[in-house]
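S.K.: Before we start, here is the structure in question, set down as structure tokens.
None of the figures in this text is laboratory data; all of them are computed from the coordinates on show. The structure displayed is predicted, hence computed values, not measured ones. Note that each Cβ is placed from the backbone with ideal geometry, even for glycine, and that neighbours are counted across all protein chains shown.
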Ligand code: COA
């Protein structure tokens, strides 16, 4: 199955999902969120699939949420917000492991999605950043909970609030990345681990993964709490000005919340 700028190929026990919107640095549009959710849900249903694999493109993983969509959503149309929400809510519900291969920039959701992945391989040139606060926003995808758990509070604050970009080597030391590999080896390495996982007894993998992930209720609650704040922030004057600045458009300040 291939949907516009998200390519989904199921085979060999793997559900391989690729972001292919290179002209926009793989920024995630509303349609792409929908396609990602559909691709993941199809992989969950397919009994021949043991593992999801997530790739960006060569040189760029994802520039995060499409800022034009943010501008429109905060500017009053609200269109498409539910598609992003569906994706965020799906992430903690997935029963099958996710292996990610990152080569290049991973911004916003491009980084926070990785906290839901079980194995992450990155090239040395990869850079992870979450400029939520600079955009007048708050962290999403459960990252306000998962990031302190995984990285420790000090590094989580630096990443999520200070907005400091992390190199691949730093993310390896911090515990988000499993291995830093040569640019040309990212996909090969990720697929090799994914193939090994897919070949294992599926129920034992799912049960073990579930034990390692622990109680997911707090994660679901945190995602909802983030969503409530995020939605408010989208229409704030701070956020609208930041979006407009990026897109070089006048801010939709009418009705702005602050
Ligand atoms: N939303 C919408 N469009 C985006 C985008 C995003 N998140 N990220 C990149 N693009 C678009 C640019 O507007 C540009 O479009 P154009 O060619 O029509 O002008 C194109 O992708 C290429 O981006 P550009 O900025 O020229 O590339 P760059 O290599 O100089 O910089 C980034 C790449 C990712 C550092 C930069 O584009 C950026 O900071 N993007 C925003 C990241 C972000 O804040 N995401 C939201 C996180 S919550």
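S.K.: Treating the angle as unsigned and between 0 and 90°, give the value, to the nearest 10°, between the Cα long axis of helix 186-198 and the longest Cα principal axis of the chain.
M.R.: It is inclined by approximately 60 degrees.
S.K.: Restricting to bridges with both residues inside the chain, how much of the DSSP beta-bridge set is antiparallel, in percent to the nearest 5? List each step's numbers first, then the result.
M.R.: Values: 11 of 33 bridges.
Roughly 35 percent of the DSSP beta bridges within the chain come out antiparallel.
S.K.: Something else now. Using only Cα atoms, tell me the angle between helix 30-45 and the longest principal axis of the chain; keep it within 0 to 90° and round to the nearest 10.
M.R.: So the helix axis and the longest Cα principal axis differ by about 30 degrees.
S.K.: Right, something else. Residue separation times 0.36 nm, minus the C-alpha to C-alpha distance between residue 161 and residue 247: what's the value?
M.R.: Numbers: separation 86, 0.36 × 86 = 30.96 nm, distance 2.24 nm.
Stretched fully, the residue 161-residue 247 segment lengthens by 28.7 nm.
S.K.: Calculate the length of the line joining the C-alpha centroid of segment 92-153 to that of segment 232-248, in whole Å.
M.R.: 22
S.K.: P(r) of the chain in 5 Å steps, Cα pairs, percent per bin?
M.R.: In order of increasing distance, the bins hold 1, 6, 13, 18, 20, 19, 12, 6, 3, 1, 0, 0 percent.
S.K.: Would you calculate, for the chain, the mean residue ellipticity at 222 nm contributed by helices, counting each DSSP H stretch of 4 or more residues as -39,500 (n - 2.57) and dividing by all residues, to the nearest 500?
M.R.: Numbers: 11 runs with 113 residues, N = 258.
Counting only the DSSP helices, I get -13000 deg cm²/dmol.
S.K.: I'd like the orientation of helix 237-247 relative to the chain: the angle between its Cα long axis and the longest Cα principal axis, in ° from 0 to 90, rounded to 10.
M.R.: Approximately 70 degrees, to the nearest 10.
S.K.: Pick from 29, 208, 129: which residue has the top mean-square fluctuation in a GNM of the chain where Cα pairs under 10 Å get a spring?
M.R.: 208
S.K.: Bin width 10 Å, origin at 0, all Cα-Cα pairs of segment 21-62: what percent of pairs per bin?
M.R.: Bin by bin from 0 Å, the calculated values are 26, 45, 26, 3.
S.K.: I need two numbers for segment 21-164: Rg to one decimal and Dmax as a whole number, Cα atoms only, in Å.
M.R.: 14.8, 43
S.K.: If you wrap a convex hull around the C-alpha atoms of segment 105-227 and split its volume per residue, what is the figure in Å³? Numbers along the way, then the final one.
M.R.: Working: hull volume 12.4 nm³, N = 123.
Each residue corresponds to 101 Å³ of Cα convex hull volume.
S.K.: By DSSP, what percent of the beta bridges with both residues in segment 36-154 are antiparallel, rounded to the nearest 5?
M.R.: Working: 1 of 14 bridges.
Of all bridge pairs located within segment 36-154, approximately 5 percent are antiparallel.
S.K.: Let me ask something else. Please work out the FRET efficiency for the pair residue 153 and residue 48, using the Cβ-Cβ distance as r and a Förster radius of 35 Å; give the result to the nearest 0.05.
M.R.: Numbers: r = 41 Å, r/R0 = 1.18.
According to the calculation, E is roughly 0.25.
S.K.: Going by Cα centres, segment 1-53 and segment 213-227 are how many Å apart?
M.R.: Cα centroid to Cα centroid, the span is 23 Å.
S.K.: While we're here: Below 8 Å, C-alpha to C-alpha, sequence gap of six or more: please give me the relative contact order for the chain in percent.
M.R.: Working: 502 pairs, mean separation 51.4, N = 258.
Here the relative contact order equals 20 percent.
S.K.: A further question follows. Highest mean first, what order results for 159-172, 58-71, 212-225 on Cβ atoms within 10 Å?
M.R.: On the way: 159-172: 18.6, 58-71: 22.1, 212-225: 13.2.
Packing order, densest peptide first, comes out as 58-71, 159-172, 212-225.
S.K.: Rounded to two decimals, what is Rg over Rh for segment 137-181 when you use alpha-carbon atoms and the Kirkwood radius? Working shown, then result.
M.R.: On the way: Rg = 10.3 Å, Rh = 10.7 Å.
Radius of gyration relative to Kirkwood radius: 0.96.
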